[in-house]
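Report on the following structure.
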């Protein structure tokens, strides 16, 4: 019943009727349910109020703590800090404000004009135990606009102070400058609690977070650089650690290494002739590039490399640092290194396929290698495409380069290009677990 009575009547009338009614009106469960029904949810699930009634009325009585914010009462409530040029003035807006109730604004002059207010939270009903225990979000909003015919600059600073009036935290974005001949529209400056700002950033493309949001102000930079932000981004996008025991020291680096996962081999399908490849051996009638004799499972593959009647081998050396994988990341995370290569014989001629992939240290000495037995096809086969795959795991510290070598030959010593075909080769660094 009390949940359907106005809250002030519960406190001022119902509570005084009898002991039982007082007991109900003072119950934490009553005020917690009232909060739930009216949509007053905790900012921090771990910070539960000791008095739900206090929390309810604080939420219910949320209001602007600044006095005379629109200049309707001249400068009452404000302290003039600087009053340069022709001094502060109050006028009607030159352009309608988005809030139709705004009929006046403060105007600055040709030298710096600053004004301030100091809010005493205890006098406003927010005692020290509530502020320290709940740490409620403190939201800032300010509207500003230039004149269309004159350049101008807007400045704002909001400081949270302790009982000695020393700064605990501050919001001091870069000044906003407007050129002459602008659209003189109203703009809003606001400060969000950092965890709310983090949630907003989680819905912004990652490169914009780094290249734009991070540059706005100190607070935005703090959120954009938080490990917790990038760790949550990884969780939401499904980038899970390969090794639960190997936690990255830099979650942003881990995130972008996952996001930018790509084939590190250049020109894997022969679309750019042999560019990117080093010819190790080119026996018989040499290497050649042709269209596939049989369609590849990947419809995007329109060319393949073809070997001849003596050994043909080609290779690429991948410099991991140049590809964005620095030594500390490789040694600390030891991401999986995934290898894939496609090969096919001709139907009318026997052939042999060879592949070797080596993980090298900074001296280009072998740390670990993948060298399977050669694959041999007989004459009169189905000439279908086959895939060779391998994943390097737990290879230890020191890997700085990857050397990929493959090729083969025909086994019947026929002039021309009757040997193994290869294409769509791939080497990927896979920091996240694909399973």
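Before moving on, here are some points about what is shown:
Here is a yes/no grid of residues against (1) in the same structural domain as residue 401 (by TED's automatic domain parsing); (2) crowded, with 17+ Cβ neighbours inside 10 Å; (3) more than 25 Å from residue 283 (Cβ to Cβ):
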| residue | (1), (2), (3) |
| --- | --- |
| 303 | yes, yes, no |
| 309 | yes, yes, no |
| 313 | yes, yes, no |
| 316 | yes, yes, no |
| 323 | yes, no, yes |
| 326 | yes, no, yes |
| 331 | yes, no, yes |
| 342 | yes, yes, no |
| 372 | yes, no, no |
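- Checking each residue of the stretch 52-65 against the condition of being in contact (Cβ under 8 Å) with a residue 60 or more places away in the chain, part of a loop (DSSP other than H, G, I, E, B) and surrounded by fewer than 14 Cβ atoms within 10 Å (Cβ to Cβ) gives at least one match.
- Condition check for residue 132: more than 30 Å from residue 51 (Cα to Cα) and either part of a loop (DSSP other than H, G, I, E, B) or at pLDDT 90 or above (or both): no
- Residues of the stretch 112-149 that are surrounded by fewer than 13 Cβ atoms within 10 Å (Cβ to Cβ) and at positive phi: 135 alone.
- Scope the stretch 166-177; condition surrounded by fewer than 17 Cβ atoms within 10 Å (Cβ to Cβ) and under 28 Å from the mean Cα position of the chain (by Cα); matching residues: 168, 169, 170, 172, 174, 175, 176
- Considered as a group, the residues in the stretch 219-249 that are without any contact (Cβ under 8 Å) to a residue 40 or more places away in the chain and part of a loop (DSSP other than H, G, I, E, B) include one that is surrounded by the most Cβ atoms within 10 Å (Cβ to Cβ), and that residue is 226.
- Checked against (1) loosely packed, with under 13 Cβ neighbours inside 10 Å; (2) in contact with a strand residue (DSSP E or B) (Cβ under 8 Å, 6 or more places away or on another chain); (3) assigned to a loop (DSSP other than H, G, I, E, B), residue 383 meets all criteria but (1).
- Those residues of the stretch 146-159 which are farther than 15 Å from residue 116 by Cα, within 32 Å of the chain's Cα centre (by Cα) and assigned to a loop (DSSP other than H, G, I, E, B), in sequence order: none
- Filtered by the rule that a residue be surrounded by 14 or more Cβ atoms within 10 Å (Cβ to Cβ) and without any contact (Cβ under 8 Å) to a residue 60 or more places away in the chain, the stretch 270-286 gives 274, 277, 282, 286.
- Unique residue being more than 21 Å from the chain's Cα centre (by Cα) and in a strand (DSSP E or B) when the list is 180, 184, 188: 188
- Scanning the stretch 88-111 for residues that are surrounded by 13 or more Cβ atoms within 10 Å (Cβ to Cβ) and farther than 18 Å from residue 142 by Cα yields one hit, 109.
- Qualifying position, being at pLDDT 90 or above, in a loop (DSSP other than H, G, I, E, B), in contact with a strand residue (DSSP E or B) (Cβ under 9 Å, 6 or more places away or on another chain) and surrounded by 12 or more Cβ atoms within 10 Å (Cβ to Cβ), among 77, 71: 71
- Selection count, the stretch 401-435, where residues are assigned to a loop (DSSP other than H, G, I, E, B) and closer than 30 Å to residue 237 by Cβ: 4
- Residue 201, sole failed condition from (1) farther than 28 Å from residue 47 by Cβ; (2) surrounded by 13 or more Cβ atoms within 10 Å (Cβ to Cβ): (1)
- Across the stretch 400-435, the qualifying residues are those that are buried (at least 23 other Cβ atoms within 10 Å of the Cβ) and in contact with a helix residue (DSSP H, G or I) (Cβ under 9 Å, 6 or more places away or on another chain), and the one among them that is modelled with the highest pLDDT is 429.
- Qualifying residue in the stretch 35-51 (condition: modelled with pLDDT of 95 or more and surrounded by 11 or more Cβ atoms within 10 Å (Cβ to Cβ)): no
The values are calculated or read from the model by the stated rules, or taken from the named source; none is laboratory data. Computed from a prediction, not measured in an experiment: that's the story for all the values here. In this analysis, Cβ positions are derived from the backbone assuming ideal geometry, glycine residues included, and neighbour counts consider all displayed protein chains.
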